[in-house]
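Novice: Quick one: this structure, given as structure tokens, is what I'll be asking you about.
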Amino acid sequence: MRKLALLALFALPLLAQPKVDVTVKQVNDRRTNGSFSQLMITLELPKVPSPDVAASRVLVSTAVDDTGRNLIDTERGEAELEANRSGSMDPKEKPPVTVSMTLKNPDRKAVAVKQIAGEIELFMPSKDPNSVAEIPKFLSQAGKPLSHRALKANGVEIAPLSAAQIAAERKRLSDIKRKEATEAGMTGEDLENYVKTFEGMQLNVEPGDVLVRLKDPNKRIQDMSYIDGKGEVQHLSQREDEGLYIFSTWGEKPQADWKLRVSMKTPKNLARYPFTLSNVPLP
Amino acid sequence: MRAIAFGVTLLLALTALGQSGVGVEVDDVTDNRVNAGMFTGSLELRVKLTGNNLDKATAARVLVKEAKDDRGTSLSDGKSQPDFFPREYNSGTLQVSVSQPARAASSVRVKGTVELLVPARDPNAQVKIDKALSKLDAPFANKTLKAAKLTITPLSKAGYAELMKSRKLDDKKIEEIRARAKKENIPEAEVEMMIGLAKAMEGLDDTPAEGAVILSAKEADFKRVYRVEILGSDGKPMNVTSRSTSTRGDDSIMILQPSEAPPANAALEFTLVTDKARLSFPFDLKVQLP
């Protein structure tokens, strides 16, 4: 509980919002003796168009069924922003956004969730010109930090490493290992084999992977992706290795004309709307 | 939960398998309760089969005859006929799906039969057609298929295109569907959604890739075919990367896509669901709801 309070102190200052209109779109009480036993409630916000919302989460402060069972899963941890993947066949259509919350199963004898209250957090990049940084031909800028107004405004630094920098970084890490092993008394062939094994494992990149130095002291980065030559979004996954980040793609390797897109949370584009619901019928 | 759910095995004579019977044991219960417009949830049971010599069965399925919760709600019309499921998949477990029980219910009773498919019991359950792709767009002339009253036609690409054209949903067919649905008391919204979905699916009807084996038959006939293998020049089953069956009305099209084009002398081997190859075992389960 104390940890949660501390987190709240350091969280982004968010736009204060009035209560938002919500309607219950779906209730799914998945009861199983196997995995994923949970109550999922999907809400619709009739006044918020879905295309305006890039991600959302619901922070529930109260959830209790009509038998008195508390439905907040304390073991689950705080919900994270989840990307809004709902789309429409017709780009002119602007359906209302939906958000979901996951709770514990109510009692089987319960017929309704008596009360749910909390806040809906919406990530709306269009609210702040510094929400998104798109860096064209980013591969050609290896060796120096990427320059973009939005990155600077959010205190984010991304620097793709050049081949020389990668080699230097590998040598630095290798030297550290060698020193540690020598101090532990390792010598001769054992030492060389140990260092060689380590070198084979460190900063292991596949063709098409991009190694970057990334600093995000304010935890602003929400999502990163590539934009290919045709303007299509190509998803990238990232993993940390020895303090550096490796960007990988499942499909095509990044090409010279690809952009790097970085979406960032800012005090202007992140808003929390309080909500309350009473007597939500259970299926 | 496993201790609460129990299976009562009844007995049938089963000399060929040399065993006393086959039982059903509940492995997992999921009451997936949904309230979203016209959609409701379902009760899913994952069951294990028990008994000796089950390995002699190629496939199995569970036919639910009756399912009721302890509040008296009927959860099945007893008409569902799922396909036989290979024994080697999902560690031999089978899925049983019935309607959502009442929220106030605490247990469910499910009665039905487990069916095993044992092709070795019937010499007519395996049918091999040599040079099966040498004469397309005409039904296979095979004695065993004829005796089983199965009419299956291998299609050329042109034959497939013609059939697909005739299957296209036009205004007349849509009106027929609506009239039939009205007769069967299917809600209008549900029918319109299905028509919309069928129209959208038509756009996905691509021409099968090179080397695909295309078979046409009545849906009821394909229901009696458990598996089709393409046998290469060496007489061994070829690697089939995808299998699909699409149905419109009473007619079905099955497409097998091998990883390489079948040779001109390729044979097809059909495994049929015949009465002799099929063994039934009644079961009666009481399941405690989670």
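The values are calculated or read from the model by the stated rules, or taken from the named source; none is laboratory data. Because the structure is a prediction, the values reported are computed rather than measured. Note that we place each Cβ from the backbone using ideal geometry, even for glycine, and neighbour counts take in every protein chain shown. Quick note on the areas: whole protein, heavy atoms, side chains included, nothing else; ligands and nucleic acids left out. Shrake-Rupley method; radii C 1.70, N 1.55, O 1.52, S 1.80 Å.
Novice: Please state which of the following conditions B:P290 fails to meet, knowing it meets all the rest: (1) in contact with an Asp or Glu (Cβ under 7 Å, 6 or more places away or on another chain); (2) open to solvent by less than 20 Å² (accessible area, probe 1.4 Å); (3) within 14 Å of chain A (Cβ to nearest Cβ); (4) not small (G, A, S).
Specialist: Evaluating B:P290 over (1) in contact with an Asp or Glu (Cβ under 7 Å, 6 or more places away or on another chain); (2) open to solvent by less than 20 Å² (accessible area, probe 1.4 Å); (3) within 14 Å of chain A (Cβ to nearest Cβ); (4) not small (G, A, S) leaves (2) as the failure.
Novice: Just to check your reading of the model, which residue among B:K79, B:K65 is surrounded by fewer than 17 Cβ atoms within 10 Å (Cβ to Cβ), free of Cβ contacts under 8 Å to residues at least 60 places away in the same chain, under 16 Å from the mean Cα position of the chain (by Cα) and closer than 14 Å to B:T113 by Cα? Please lay out each step first, then the result.
Specialist: Numbers: B:K65 fails: under 16 Å from the mean Cα position of the chain (by Cα).
On inspection, the qualifying residue turns out to be B:K79.
Novice: Next question. Which members of the range A:89-103 meet the condition of being within 17 Å of A:L59 (Cα to Cα) and surrounded by fewer than 18 Cβ atoms within 10 Å (Cβ to Cβ)?
Specialist: Within the range A:89-103, A:S100, A:T102 qualify.
Novice: Does the range A:226-242 hold any residues that are buried (at least 16 other Cβ atoms within 10 Å of the Cβ) and closer than 29 Å to A:E199 by Cα, and which are they?
Specialist: Hit for the range A:226-242 is A:L236, nothing else.
Novice: Can you give me the ranges of the helices (runs of 4 or more DSSP H) entirely in the range A:117-214 with at least 1 residues that are in contact with a Leu (Cβ under 9 Å, 6 or more places away or on another chain)? Please lay out each step first, then the result.
Specialist: On the way: elements: A:149-153, A:163-183, A:188-201.
Counting at least 1 such residues, we get A:163-183, A:188-201.
Novice: Can you name the strands (runs of 3 or more DSSP E) wholly within the range A:16-87 that have at least 2 residues being more than 12 Å from every other protein chain (Cβ to nearest Cβ) and touching a His at 6+ places or on another chain (Cβ under 8 Å)?
Specialist: Per the criteria, no element qualifies.
Novice: Which condition number does A:S86 fail, the rest of (1) over 21 Å from A:N28 (Cβ atoms); (2) open to solvent by 50 Å² or more (accessible area, probe 1.4 Å) being met?
Specialist: With (1) over 21 Å from A:N28 (Cβ atoms); (2) open to solvent by 50 Å² or more (accessible area, probe 1.4 Å) applied to A:S86, the lone miss is (1).
Novice: Another question, if that's okay. Do any residues in the range A:37-59 that are in contact (Cβ under 8 Å) with a residue 12 or more places away in the chain and under 14 Å from A:S126 (Cβ atoms) have Cβ atoms under 7 Å from those of residues that are hydroxyl-bearing (S, T, Y) and open to solvent by 10 Å² or more (accessible area, probe 1.4 Å), where the two are at least six apart or on different chains, and which pairs are they?
Specialist: As it stands, the answer is A:S50/A:S86; A:D52/A:S126; A:A54/A:S263, since those pairs meet every condition given.
Novice: Output the number of the condition that B:E184 fails; it satisfies all remaining conditions of (1) open to solvent by 30 Å² or more (accessible area, probe 1.4 Å); (2) more than 22 Å from the chain's Cα centre (by Cα); (3) in contact (Cβ under 8 Å) with a residue 12 or more places away in the chain; (4) closer than 30 Å to B:E66 by Cα.
Specialist: For B:E184, the failing item is (3).
Novice: Sticking with this one: Conditions: (1) open to solvent by 60 Å² or more (accessible area, probe 1.4 Å); (2) modelled with pLDDT of 95 or more. A:P106 meets all but one. Number of the miss?
Specialist: Every listed condition holds for A:P106 apart from (1).
Novice: A further question follows. Across the range B:198-225, what is the total count of residues that are in a helix (DSSP H, G or I), under 27 Å from B:F85 (Cα atoms) and modelled with pLDDT under 80?
Specialist: Here the count works out to 2.
Novice: Would you say B:T113 is part of a strand (DSSP E or B) and at negative phi? Explain how you work it out, then say what you get.
Specialist: On the way: part of a strand (DSSP E or B): yes; at negative phi: yes.
When the stated conditions are applied, B:T113 passes them.
Novice: Please work out which one of (1) more than 30 Å from B:E66 (Cα to Cα); (2) within 14 Å of chain A (Cβ to nearest Cβ) is the condition B:D234 fails and give its number.
Specialist: Tallying (1) more than 30 Å from B:E66 (Cα to Cα); (2) within 14 Å of chain A (Cβ to nearest Cβ), B:D234 fails exactly one: (2).
Novice: Quick one: B:E44 ticks every box in (1) buried (at least 18 other Cβ atoms within 10 Å of the Cβ); (2) within 14 Å of chain A (Cβ to nearest Cβ); (3) within 21 Å of B:S91 (Cα to Cα) except a single one, so which number is it?
Specialist: B:E44 satisfies all of (1) buried (at least 18 other Cβ atoms within 10 Å of the Cβ); (2) within 14 Å of chain A (Cβ to nearest Cβ); (3) within 21 Å of B:S91 (Cα to Cα) except (1).
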